[in-house]
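Trainee: Mind looking over this structure? Questions follow.
The values are calculated or read from the model by the stated rules, or taken from the named source; none is laboratory data. No experiment lies behind these values; they were computed from the predicted model shown. Glycine also receives a Cβ, built like all others from the backbone with ideal geometry; neighbour counts cover every protein chain displayed.
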Amino acid sequence: MFKDFIKKISSYRKISVFSHVRPDGDCIGSQVALCRYLTDKGFEVSAWNDDDITPNMQWIRDFFPIGKPDSSSVKDADLLILMDGNASHRFGEMAEWQNEAGKPWLIIDHHPDPEEGFDHLFSDPTASSTCEMVYRLISEDDPDLIDEKMAKALYAGIITDTGSLQFDSVTPETVEVVADLLRRGSFKPNEVIEELYSNRSVRQYRLLSRALSTVELRSDNQVAIMSVTEGMLNETDTVNADTEGFVDYPLRISGVKAAVIFKDLGEDGVKMSLRSRSDVDVNVWARELGGGGHKKAAGAWHPGPLSKAISETIEIGNKQLKRDKKTTPS
Ligand SMILES: [Mn+2]
């Protein structure tokens, strides 16, 4: 897929690489590794993200500086590269600046149904992560270009985007990629896992305990829901990002097919994260709510109030469960 990647971009000199808003390990890891690679290939590279990077991923940013973009991040570039998002609105304001400046842009991403209108599209919805795609991109050129920092960044992205290699998206090839990254980077998995996961605060656990007390089963016990409110965040001195990973708790209840966490952020509405551990396609479900994502993990937003967000989400989920039954005889 990436055989002619360098040929396609060889006429450009200055490249701005963007990762999506509310960055996760996969977009930051793939962005940093790609930027290091493109720098090695002689391009003038800069990296941009609209939002703050969570403390557990700061170390990845130390491998390549990521700045807050403004219109010159687009205007001064010859080419824009977008990482780990299937639509331009996922990248914040840069889409508007691109519109004004008319710069060529390309996407590298693994989300299904990418938006049209990009000059080049490298899309592989079967890939576990954008980091797995970037690994392929570099190794189709020259695997020896993968240094320790790239290897760690790509490893972190694959691990975080696959639930530590537990999701359906993981293939034998994914595990081979991980093995090669460990070899080339000569680091122990634990070094990266420690940075990513062993940094929870007591405040986060206080928030978790409040959130766990809201868990309920809906839709004939097939859907588990959990809520976090602004009040809980205030009481525990935490922020929305501290709910990372919470949805796994309702999802692991025996017999549950899907789980939704509702984050009631007051004036900012209700943010929802949907997860599936069955044939229930939460991407379809989230899309009906105006959001999207993957088959097993998706997000959406509701203007609120919380009770309405829950009832409307469950109503759509019930339809989804029925549709699912029709298409998958059991
Ligand atoms: Mn991803």
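Trainee: Return only the number of the condition from (1) closer than 15 Å to residue 238 by Cβ; (2) in the same structural domain as residue 53 (by TED's automatic domain parsing) that residue 179 does not satisfy.
Mentor: (1)
Trainee: Kindly indicate whether residue 169 is within 16 Å of the ligand (Cβ to nearest atom) and either under 17 Å from residue 296 (Cβ atoms) or surrounded by fewer than 21 Cβ atoms within 10 Å (Cβ to Cβ) (or both).
Mentor: Spelling it out, residue 169 is indeed within 16 Å of the ligand (Cβ to nearest atom) and either under 17 Å from residue 296 (Cβ atoms) or surrounded by fewer than 21 Cβ atoms within 10 Å (Cβ to Cβ) (or both).
Trainee: Read through the list (1) buried (at least 21 other Cβ atoms within 10 Å of the Cβ); (2) more than 16 Å from the chain's Cα centre (by Cα); (3) within 21 Å of residue 159 (Cα to Cα), then give the number of the only condition that residue 98 fails.
Mentor: Tallying (1) buried (at least 21 other Cβ atoms within 10 Å of the Cβ); (2) more than 16 Å from the chain's Cα centre (by Cα); (3) within 21 Å of residue 159 (Cα to Cα), residue 98 fails exactly one: (3).
Trainee: Applying the selection to the stretch 104-122, what residues are away from the ligand (no atom under 12 Å from the Cβ) and not in a loop (DSSP other than H, G, I, E, B)?
Mentor: 105, 106, 107, 120, 121, 122
Trainee: Which residue, of 177, 192, 170, is in contact with an Asp or Glu (Cβ under 7 Å, 6 or more places away or on another chain) and within 24 Å of residue 19 (Cα to Cα)?
Mentor: Answer to the check: 177.
Trainee: Suppose we keep only residues that are more than 19 Å from the chain's Cα centre (by Cα) and not aliphatic (A, V, I, L, M) within the stretch 68-95. Which one would you say is nearest to the ligand (Cβ to nearest atom)?
Mentor: Among those residues, the one meeting the criterion is 69.
Trainee: Could you please tell me which pairs satisfy a Cβ distance under 7 Å, a separation of 6+ or placement on different chains, a first residue in the stretch 127-148 that is at pLDDT 95 or above and assigned to a loop (DSSP other than H, G, I, E, B), and a second residue that is buried (at least 16 other Cβ atoms within 10 Å of the Cβ) and β-branched (Val, Ile, Thr)?
Mentor: 128/158; 128/162; 128/170; 128/174; 129/158; 129/162; 146/138
Trainee: Show the residue pairs that are 6+ apart or on different chains and have beta-carbon atoms under 8 Å apart, the first residue being within the stretch 294-306 and closer than 25 Å to residue 109 by Cβ, the second being in a strand (DSSP E or B) and of a type in the set (Ser, Thr, Tyr).
Mentor: Correct list of pairs: 295/276; 296/276; 297/273; 297/276; 298/273; 299/273.
Trainee: Please go through the stretch 1-44 and give me each residue that is in contact (Cβ under 8 Å) with a residue 60 or more places away in the chain, more than 16 Å from the ligand (Cβ to nearest atom) and not in a loop (DSSP other than H, G, I, E, B), ordered by number.
Mentor: Selection gives 5, 6, 8, 9, 14, 15, 16, 36, 37, 40.
Trainee: Could you please find all residues in the stretch 45-55 being within 16 Å of the ligand (Cβ to nearest atom) and either part of a strand (DSSP E or B) or touching an Asp or Glu at 6+ places or on another chain (Cβ under 9 Å) (or both)?
Mentor: Applying the first criterion (within 16 Å of the ligand (Cβ to nearest atom)) to the stretch 45-55 yields 49, 51, 53-54.
Once the filter is applied, which keeps residues that are within 16 Å of the ligand (Cβ to nearest atom) and either part of a strand (DSSP E or B) or touching an Asp or Glu at 6+ places or on another chain (Cβ under 9 Å) (or both), the stretch 45-55 yields only 54.
Trainee: Tell me yes or no: at least one residue of the stretch 76-83 is at pLDDT 95 or above and either assigned to a helix (DSSP H, G or I) or outside the structural domain of residue 160 (by TED's automatic domain parsing) (or both).
Mentor: No, that holds for no residue.
Trainee: Right, next: When the residues of the stretch 128-150 are filtered to those that are away from the ligand (no atom under 13 Å from the Cβ) and over 12 Å from residue 180 (Cβ atoms), which remaining residue is surrounded by the fewest Cβ atoms within 10 Å (Cβ to Cβ)?
Mentor: That would be 142.
Trainee: Right, here's the next one. Go through the stretch 151-164 and give me each residue that's within 16 Å of the ligand (Cβ to nearest atom) and part of a helix (DSSP H, G or I).
Mentor: 153, 154, 155, 156, 157, 158, 159, 160, 161
Trainee: If I ask for residues that are over 14 Å from residue 225 (Cβ atoms) and not hydrophobic (A, V, I, L, M, F, W, C), which ones from the stretch 253-281 would you list?
Mentor: Those that are over 14 Å from residue 225 (Cβ atoms) and not hydrophobic (A, V, I, L, M, F, W, C): 254, 255, 266, 267, 268, 269, 277, 278, 279, 281.
Trainee: How about the stretch 176-193: which of its residues are free of Cβ contacts under 8 Å to residues at least 24 places away in the same chain and surrounded by 15 or more Cβ atoms within 10 Å (Cβ to Cβ)?
Mentor: Across the stretch 176-193, the qualifying residue is only 178.
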